[in-house]
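The values are calculated or read from the model by the stated rules, or taken from the named source; none is laboratory data. Nothing here was measured: the structure is a model prediction, and the numbers come from that model. Note that we place each Cβ from the backbone using ideal geometry, even for glycine, and neighbour counts take in every protein chain shown. Keep in mind that these areas ignore ligands, DNA and RNA; they rest on the heavy atoms of the full protein, side chains included. Shrake-Rupley method; radii C 1.70, N 1.55, O 1.52, S 1.80 Å.
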Amino acid sequence: MRAVLMAGGSGTRLRPLTCDLPKPMVSILNRPIAEHIINLLKRHHITEIIATLHYLPDLLRDYFQDGSDFGVQMTYAVEEDQPLGTAGCVKNIEELLNSTFLVISGDSITDFDLEAAIAFHHAKRSQATIILTKVSNPLEFGVVITDENQHITRFLEKPSPGEIFSDTVNTGIYILEPEVLEYLTVDKEADFSKDLFPLLLEKGKPMYGYVAEGYWCDVGNLDTYRESQYDALAKKVNLDFAYTEWQDQVWIGQNTQIDSSVIIEPPCLIGNNCRIMARVKIEGGTVIGDNVTVGVDSDLKRPIVCNGAMIGDEVNLSGCVLGRGARVDRRAHVMEGAVVGSLSTVGEESQVSPNVRVWPSKNIEAGATLHTNLIWGHTAHRNLFGQRGVQGLANIDITPTFAVKLGEAYGSTLKPASTVIVSRDQRSIARMVSRSLIAGLMSVGINIQNLEATAIPLSRTVVPKFGVAGGIHVRVHPDRPDHILIEIFDSQGINISKSQEKKIEGAYFKEELRRAQISEIGEVTYPGSVIDIYSKSFQKHLNIEAIRHSGSKVVIDYGYGVSGAILPLLLGKFGCDAVVLNASLNQVGLSFEEREELLVQLGEVVKALKANFGVQVSANGEQLILVDEQGYAVRGEMLTGLMVNIMLTASPRSSVVVPVQTSSAIEKIAERYQGKVIRTKANPTALMEASQTNPNVVLGGSGSMGFIFPQLHPGFDAMFCIAKLIEMLMVQERSLFNIRAELPPIKHLSQTVRCPWTVKGSLMRHLIETHSSRHLELIDGVKIYFPTPGTEPTPHEASILAHYPHSAYDHKDHWVLILPDAGEPMVHIFANGADSQWVESILNDYTNYVKDFVNHETQ
């Protein structure tokens, strides 16, 4: 007799285990389900097997090949284009089935007596015999009703509770005569239980149900997958074990080394070539595949660990599943019912919560807690907030589901019935995310003033004037057009503090989310006075007469980032000629290269129109790049120096606030005007807070982040910056070209190096330990000043300075800053000095130094 093994299933309910594996190749006791079925067939003298394949067919075919290694003869039939259903694929191999044959599903575990079922089939002279079994809950299966002679009288496919007339269900194992296939059409999709069997019943063909004794489990989902493993270990089903029974109900493979201090509780199974380190505890029910390493002091409570997994020290696994080649690092926890897909990594001291599924090849960062399935994207972060707000890939990391929960978490940290404003940029993705945030906020009893599509400077301006608890702004990330950036600010319009971020993260990860009653659900209103409020504040802090008499012509390039911009209207009111370029909306956003092309075009337009200057606005109205009257782009450190020069010329003996990595040329400019430079941490919140809390501050920010004018509002504002420039150039009777020529030389370079989260702390400590404390500044990261004559360098400093014979530079001007990135696994290295060659060389030295340290720590 021949058997047809139905092995084409993709096993969607077993995901993520079946993302890169067909369902029959999923392992039970370290053997594929299909191998257990082949062993069952062989046990009952069925050795000619035809496997029908569809999903990832090569994996099963390569494993079994011709079947000779398994004592059978294997033939394969592949459904190339589309699945034909359980019956349709058998119809297509009809020429191979010229006598009674058996069909068996490739996704169940059983030890039925197939020979007894075949004998029953022949005795009844049946054309189709369905092997049945009794189950306690038949709702998930096809119920088959038979009379007293086992003749089938009715089929019920997955019945409702009111239709349960029997507890005998279809096991997916059939004994058939070739004639039944005549009722099917070649290359047409058909199913045995839905199509062929009801048709045979209708035509009165002899069909019988054989109620088999023994074990049967449909491995249809992750719960039954685990259940079948535990049942097999407990010998509730008669399966062949691949390994020697080392002691009662403990099976161990060849070349496996287990430390003498390991505690093993039966039943359990450990595969070939495993390494189980000291003091590991293995609880009964544990299944460990081949080539698995388990680190010291780990605790394994009934996990199923597939081949090639690596388990670090002090790891806790509880009733979970680790896919092939998965890695769980030191002190991580994977909880009950969780599944980690093949080749995924669970970082140090991170936690995968109960029933969470991690798809293959994902990375959970060290210290992260994962409460939701990780399907899209690549990484589960340990924190929600990075250097600047919450950011991630649009509709992959930042999805509507994520945004609703973030809204709930933020709202749960506020008092019930509080009000927040919500605004966004004009793109559809930002609209989708903001609406999801609003839903989450409303669900925890927070009222919303929805500003809809509004530039972020306007949002920050109205927050304190509306008296709300805070605000949220959603936009496409200024530097990464495939990312979304969500910024949350406090009642003054300043980005929330780190302590408030931690409260939101705590509510999000611990799911400490408030639930409002129906009567307490938040309300949404749409204020209409936002532009008027901003315009009045805008005009209040400008010398309007100076702008009117300037007769300035300005070219503004919006880079397809906005439509209907308000700045040209305001400048028009003040008598300025504002030429606007690219003010239509591009939903996708521009790449760096595309933005650079527009910048070149802007320079050409400025020269052609003989404009005073041009400006490229980005980041939803926060950031800008200037173009002088000669078409030269002014950006980065030069832009910072230019703005500091302009503002301190107008207000000598005032203060400016800049991030820690800014060039030391700023101090030289400030000295000319008896000004003061305040350096802060390299994040927007620190700049906003310092600009508000320090006295006499006239400017904050930098060319790369944007500029803050504290008297207007606490955030960055490119629109006000443009108007202020027009005013200052008129009052000071200067041009951008003149100011640029006055700036001191800027010798400032940077480089970025990848650095795992787990190495950042040790790198910072190492830098502090190998450099004299007299030469260090620790505002943010580690800034190393180079020794002036007469100071004693450390051995490491001496080795670096040995390459530079002219090391007697001004101590304040020559430094290197190693700054960890707050949102990505990388560090930024900045070098500053008076000599370009020195800056380039010292940057190269410290870049290699950091790379060598990272490589050493990660080996």
task = Over the stretch 225-273, calculate the relative contact order: mean separation of alpha carbon pairs under 8 Å at least 6 apart, over the residue count, as a percent.
result = 34
Sequence-distant residues sharing a close amide H with residue 339 (under 5 Å, placed H) = 321, 356, 357, 358
task = Determine Rg/Rh for the stretch 549-664; Rg is computed over alpha-carbon atoms and Rh is the Kirkwood hydrodynamic estimate from the same atoms.
result = 0.99
key: Assigned charges on the beta-carbon of Lys, Arg, Asp, Glu; the stretch 229-306 dipole about Cα centre (debye)   = 120
Percent RCO, i.e. relative contact order, over the stretch 29-171, from Cα pairs under 8 Å lying at least 6 residues apart = 19
Relative compactness, the stretch 25-86, computed as alpha-carbon Rg over 2.2 N^0.38 Å = 1.12
Whole-Hz couplings from phi, Karplus 6.51/-1.76/1.60, listed for the stretch 426-435; x for Gly and Pro = 8, 7, 4, 5, 5, 4, 4, 5, 5, 5
key: Sequence-distant lysines (8 or more away, or on other chains) whose Cα lies within less than 21 Å of residue 553   = 573, 607, 610, 724
query = Quick one: which of 23/301; 668/747; 812/851; 405/681; 124/203; 362/502 span more than 20 angstrom between C-alpha atoms?
reply = 23/301; 812/851; 405/681; 362/502
ask   = Semi-axes of the equivalent ellipsoid of the stretch 456-576: what are they in whole Å, largest first, if each equals the square root of 5 times a C-alpha gyration tensor eigenvalue?
value = 36, 18, 14
request  = Express in % the proportion of alpha carbon pairs of the stretch 670-723 at distances exceeding 12 Å.
outcome  = 62
message = Using the crude model of +1 on Lys and Arg Cβ and -1 on Asp and Glu Cβ, and no other charge, please compute the dipole size for the chain relative to its Cα centre, in debye to 20.
response = 3000
ask   = Can you give the relative contact order of the chain as a percent, counting alpha carbon pairs under 8 Å and 6+ residues apart?
value = 6
query = Which residues' amide hydrogens lie under 5 Å from the amide hydrogen of residue 168, considering only partners 5 or more residues apart or on another chain, with H built in the peptide plane?
reply = 144
key: Point-charge dipole on Cβ atoms (K/R +1, D/E -1) for the stretch 361-489, about Cα centre, debye to 20   = 180
note = In Å, the Kirkwood estimate of hydrodynamic radius for the stretch 258-408 over Cα pairs equals 15.6
query = With every protein chain present, what is the per residue accessible area of the chain (1.4 Å probe, Å²)?
reply = 41
ask   = Rg (Å, one decimal) plus Dmax (Å, integer) for the alpha carbons of the stretch 63-202?
value = 15.9, 49
query = What's the Kirkwood radius of the stretch 549-590 in Å, using all Cα pairs?
reply = 10.9
request  = Provide the per-residue ³J(HN,Hα) series for the stretch 502-519, in order, calculated from phi with Karplus coefficients 6.51, -1.76, 1.60 and θ = phi - 60°, each as a whole number of Hz, with x at glycine and proline positions.
outcome  = 5, 5, 5, 4, x, 5, 5, 6, 8, 6, 8, 10, 6, 10, 8, 5, 3, 6
ask   = Given that compact globular proteins tend to follow 2.2 N^0.38 Å, what is the ratio of the alpha-carbon Rg of the stretch 607-673 to that value?
value = 1.24
remark   = Put 362, 747, 465 in order of accessible area, largest first, probe 1.4 Å, and you get 465, 747, 362
query = Which of 109, 757, 678 sits farthest toward the positive end of the charge dipole of the chain, with +1 on the Cβ of Lys and Arg and -1 on the Cβ of Asp and Glu?
reply = 678
request  = Report the far tail of the P(r) of the chain, meaning the percent of Cα-Cα pairs longer than 55 Å.
outcome  = 32
task = Rank 303, 584, 19 by how far each Cα sits towards the positive end of the charge dipole of the chain (+1 on Lys, Arg Cβ; -1 on Asp, Glu Cβ) and give me just the farthest.
result = 584
Nonlocal amide H pairs with residue 28, under 5 Å, H built at 1.01 Å = 33
query = Dimensions of the stretch 376-506 along principal axes (Cα, Å, largest first)?
reply = 39, 30, 25
remark   = The helix 757-769 Cα axis meets the longest alpha-carbon principal axis of the chain at an angle in degrees, between 0 and 90 and rounded to 10, of 40
key: Rg/Rh (Cα only; Kirkwood hydrodynamic radius) as it applies to the stretch 174-235   = 1.13
query = Under the Karplus relation 6.51 cos²θ - 1.76 cosθ + 1.60, θ = phi - 60°, what is the ordered set of whole-Hz ³J(HN,Hα) values for the stretch 617-630, x standing for Gly and Pro?
reply = 9, 9, 6, 6, x, 9, 10, 7, 10, 8, 10, 6, 5, 9
